[in-house]
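The block underneath contains the structure these notes are about, expressed in structure tokens.
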Amino acid sequence: MGTLANKRILLGVSGGIAAYKSADTVRRLREIGAEVRVIMTRGAESFITPLTLQAVSGRPVYRQLLDTDPGLKPAGAGAEAGMGHIELARWADAVLVAPASANFLARLAQGRANDLLTAVCLATEAPVAVAPAMNQQMWNNAATKTNLATLQKNGVRIFGPGEGSQACGEVGPGRMLEPADLASLTSELFTSGVLDGLNVVITAGPTWEALDPVRGLSNRSSGKMGYALATAAMEAGARVILVSGPTSLPDPERVLTLRVESAQEMHDAVHTHVPTANIFIGVAAVADYRPATRATEKIKKSGEKMTLELARNPDILASVAALKPAPYTVGFAAETEHVEQNARRKLEDKKIDLVAANRVGADLGIESDDNSLLLIDRRDATTLPAQPKTRLARSLIQHIAERYHAERGTQNTRRAHRR
Ligand code: CTP
């Protein structure tokens with residue numbers, strides 16, 4: 001069974017007898033780490049109550065496209081209940097519609113948006129999967145087959161259906177897959193395989209440059225972007241080593257996380273592991289300087305002014321890019337102005353392969369959950385628009401994988417030429 005840790009799954013429930021299994025589907029998704037919200041169609045409410053799904057998901061259940069009646073909102077749901085279809089579409093990392101009735105599949109195939117669930121499916125950039133459940137004659141009908149072919153062409157994933165005895169007494173294809181299988185298949189939506197078999201080393205978080213046993217220099221990097229990239233790279237099939245400065249984040253699942261404090265420790269840990277890495281991504285906000293001396297006892301105050309002497313830290317990213325052979329090396333540039341110009345300079349100065357640049361300040365960047373990135377290499381520049389860091393991380397890993405695979409054959413010649 002895969003994991004859905006940190007994933008937001010929107011479960012759509014359409015009308016059909018299999019809707020009674022939705023409570024179990026919610027439970028199975030949550031068991032493997034997902035945060036789940038539920039959208040019900042009107043038809044679904046004939047088979048299972050919103051209250052049941054609210055209780056198992058721990059969230060209000062969404063039912064109306066245009067919900068102007070506050071009386072419809074579950075008690076205690078607060079502003080969450082007011083989430084519109086666009087917000088829900090953005091919120092989701094994946095949409096799973098289970099059960100998906102023949103009618104729902106037809107509406108989805110036609111691109112209709114005449115209820116909340118179809119509107120969200122149309123508006124989301126997240127992967128959409130459907131678990132068909134219907135009578136075997138309906139499943140075998142040519143119209144249903146055409147709709148499924150359209151959905152598949154449009155990138156919708158089809159889970160099942162299984163075969164067996166049906167609620168109507170017939171036997172054949174059309175049974176919804178079991179909730180545990182649906183949860184497992186949903187987790188596979190996040191495993192792309194684009195980095196299968198590759199070793200990736202990532203740095204993340206701030207560094208802590210000790211001044212004395214209790215004080216030090218650091219910065220406000222949360223580590224979220226580096227951790228999200230570590231998870232995205234792992235999901236893409238890589239063996240990931242995350243070298244992290246001090247953060248409050250838990251170790252990402254199935255990633256080897258090495259905790260360090262100072263830039264020097266981060267440098268040493270990176271160089272222990274990077275010789276076998278195919279890709280190195282420097283996301284850490286490494287302190288450029290450290291106190292020149294570290295007091296063994298707490299420094300006592302004295303006088304009105306105090307001067308600190310700082311010494312330069314090693315540049316981890318540049319040192320990795322200078323290795324021969326070097327892994328495909330990606331750096332980050334957080335800039336407050338002239339983003340593209342400064343980022344290009346970093347690309348050239350540090351001789352790295354790709355730089356991911358972002359503007360910091362105004363709710364975007366260093367501490368926030370949302371971020372946008374400008375990706376620059378020697379070929380071109382690509383913009384990844386503002387989105388939650390987990391999703392952004394997947395897009396960035398996809399981009400890195402494409403460039404890595406495209407350049408691998410020419411890398412040696414290009415590197416020789418560049419130096
Ligand atoms: N980096 C590093 N080691 C350092 C400093 C930075 O590996 N000692 C990496 C970061 O992980 C990031 C990139 O280099 O990928 C950031 O580049 P840098 O030029 O150090 O950024 P700033 O510190 O913002 O630089 P400047 O103050 O010159 O703008």
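The values are calculated or read from the model by the stated rules, or taken from the named source; none is laboratory data. Worth saying up front: this structure is predicted, and the values here are computed from it rather than measured. Here the Cβ positions follow ideal geometry from the backbone for every residue, glycine too, while neighbour counts run over all protein chains shown. The area values use the complete protein model at the heavy-atom level, side chains included, leaving out ligands, DNA and RNA. Shrake-Rupley method; radii C 1.70, N 1.55, O 1.52, S 1.80 Å.
Structure above, values below:
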read-out	value
Single residue of ALA333, ALA318, ALA292 found to be hydrophobic (A, V, I, L, M, F, W, C), without any contact (Cβ under 8 Å) to a residue 40 or more places away in the chain and more than 13 Å from the ligand (Cβ to nearest atom)	ALA292
Matching option when the condition is over 12 Å from VAL201 (Cα atoms) and surrounded by 18 or more Cβ atoms within 10 Å (Cβ to Cβ), among SER244, SER262	SER262
Which numbered condition PHE159 fails, given (1) closer than 22 Å to GLU125 by Cα; (2) surrounded by fewer than 22 Cβ atoms within 10 Å (Cβ to Cβ); (3) of a type outside the set (Ser, Thr, Tyr)	(2)
Filtered residues of segment 262-285 (kept if in contact with a strand residue (DSSP E or B) (Cβ under 7 Å, 6 or more places away or on another chain) and closer than 25 Å to GLU335 by Cα)	SER262, ALA263, MET266, VAL270, ILE279, PHE280, ILE281, GLY282, VAL283, ALA284, ALA285
Considering residues of segment 1-15 that are within 15 Å of the chain's Cα centre (by Cα) and among the β-branched types (Val, Ile, Thr) only, the residue most open to solvent (accessible area, probe 1.4 Å)	THR3
THR307 vs. criteria over 20 Å from ALA228 (Cβ atoms), open to solvent by 50 Å² or more (accessible area, probe 1.4 Å) and either within 12 Å of the ligand (Cβ to nearest atom) or hydroxyl-bearing (Ser, Thr, Tyr) (or both)	yes
Filtered residues of segment 272-287 (kept if touching a Phe, Trp or Tyr at 6+ places or on another chain (Cβ under 7 Å), more than 9 Å from the ligand (Cβ to nearest atom) and open to solvent by less than 40 Å² (accessible area, probe 1.4 Å))	VAL274, ILE279
Any chance LEU177 is touching a Pro at 6+ places or on another chain (Cβ under 9 Å), in a loop (DSSP other than H, G, I, E, B) and of a type in the set (A, V, I, L, M)	yes
Residue tally, condition open to solvent by less than 60 Å² (accessible area, probe 1.4 Å) and touching a helix residue (DSSP H, G or I) at 6+ places or on another chain (Cβ under 7 Å), over segment 210-230	3
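Here's the yes/no breakdown for (1) open to solvent by less than 60 Å² (accessible area, probe 1.4 Å); (2) modelled with pLDDT under 95:
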{"site": "LYS324", "(1), (2)": "no, no"}
{"site": "VAL330", "(1), (2)": "yes, no"}
{"site": "LEU347", "(1), (2)": "yes, no"}
{"site": "ILE352", "(1), (2)": "yes, no"}
{"site": "ALA357", "(1), (2)": "yes, no"}
{"site": "ASP369", "(1), (2)": "no, yes"}
{"site": "GLY409", "(1), (2)": "no, yes"}
{"site": "THR413", "(1), (2)": "no, yes"}
